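S.K.: Submitted below is the structure of interest, expressed as structure tokens.
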């Protein structure tokens, strides 16, 4: 689907010169002299590189629509992460370099989505928050619930976050995946 530059919004994914970009930010500029233009801040979906580009406002761009598949994480084998498509039961292996840092939230049997475009795997989509069990932390202290003090905790996926002092080994905590922060007990 072709859209004019004025219809492109933050969060959309577009194709420019056969490169897929996610629109991080955009600004419409109408100088007093000359034609209007749009300044895009774009993130390359494959490499993660961020670039800024200017385009005339009447230029058209192809909007990319991904095919999302629901998969279940099975196990990790070295630098390969193995998933099972929940509809076809086919297994797929995703190398570490394609995980985009999302490997630190995965635990066995967790459901996530993978994004495809023209049968090419582009990435893994993790929910905004996940529930993970505390694998290791110092013992909790009674009465230290309001002070705001924190301690490090290693979660079952290997991720280390700061948690309040009252959180103990074995507790399940909710983690914000965009900030790697503790949100509360699950």
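The values are calculated or read from the model by the stated rules, or taken from the named source; none is laboratory data. If you're wondering where the values come from, they're calculated on a predicted model, not measured in any experiment. Note that each Cβ is placed from the backbone with ideal geometry, even for glycine, and that neighbours are counted across all protein chains shown.
S.K.: Applying the selection to the range 164-176, what residues are buried (at least 18 other Cβ atoms within 10 Å of the Cβ) and at pLDDT below 90?
M.R.: 164, 165, 167
S.K.: Tally time: how many residues in the range 80-90 are more than 14 Å from residue 112 (Cα to Cα) and in contact (Cβ under 8 Å) with a residue 12 or more places away in the chain?
M.R.: Total satisfying the criteria: 1.
S.K.: Could you figure out which of (1) over 30 Å from residue 19 (Cβ atoms); (2) in contact (Cβ under 8 Å) with a residue 12 or more places away in the chain isn't true of residue 184?
M.R.: (2)
S.K.: While we're here: When the range 132-157 is examined, which residues are found to be at pLDDT 90 or above and either assigned to a loop (DSSP other than H, G, I, E, B) or surrounded by fewer than 16 Cβ atoms within 10 Å (Cβ to Cβ) (or both)?
M.R.: Scanning the range 132-157 gives 133, 135, 136, 152, 154, 156.
S.K.: Count, please, the residues in the range 93-110 that happen to be modelled with pLDDT of 85 or more and either more than 19 Å from the chain's Cα centre (by Cα) or under 24 Å from residue 169 (Cα atoms) (or both).
M.R.: Qualifying residue count, the range 93-110: 8.
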